[in-house]
Amino acid sequence: MAEGRTNAAIARHLVVSDRSVEKHIANIFAKLGLAPSETENRRVPAVLRYLES
């Protein structure tokens with residue numbers, strides 16, 4: 001995600017299914033307390049938190 005890859009690109013890079021990537025990213029969002037939003041992309045705050053650590 002921090003490299004700007006889509007779920008499909010991440011799946012290809014890791015040689016896993018798209019669904020696996022979706023599940024893992026959903027778990028990351030949940031652990032970071034990032035609820036789904038129709039107006040905001042959760043990937044940006046997730047990456048920012050990663051970069052801050």
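The values are calculated or read from the model by the stated rules, or taken from the named source; none is laboratory data. Bear in mind the structure is a predicted one, so any value in this text is a computation, not a measurement. FYI the Cβ positions are ideal-geometry reconstructions off the backbone, even for glycines, and counts take in every protein chain you see. Note: areas computed on protein heavy atoms with side chains; ligands, DNA, RNA excluded. Shrake-Rupley method; radii C 1.70, N 1.55, O 1.52, S 1.80 Å.
Here are some notes:
- Considering only residues in segment 19-49 that are under 15 Å from Thr6 (Cβ atoms) and part of a loop (DSSP other than H, G, I, E, B), the one that is least open to solvent (accessible area, probe 1.4 Å) turns out to be Arg42.
- Test for Ser53: is it of a type in the set (Ser, Thr, Tyr) and surrounded by 13 or more Cβ atoms within 10 Å (Cβ to Cβ): no
- Filter pass, Arg12 being among the charged types (D, E, K, R) and in contact with a His (Cβ under 9 Å, 6 or more places away or on another chain): no
- The set of residues from segment 1-18 being part of a loop (DSSP other than H, G, I, E, B), surrounded by 10 or more Cβ atoms within 10 Å (Cβ to Cβ) and modelled with pLDDT of 90 or more comprises Arg5, Thr6, Val16, Ser17.
- Residues that are polar (S, T, N, Q) and within 12 Å of the chain's Cα centre (by Cα), drawn from segment 1-18: Thr6, Asn7
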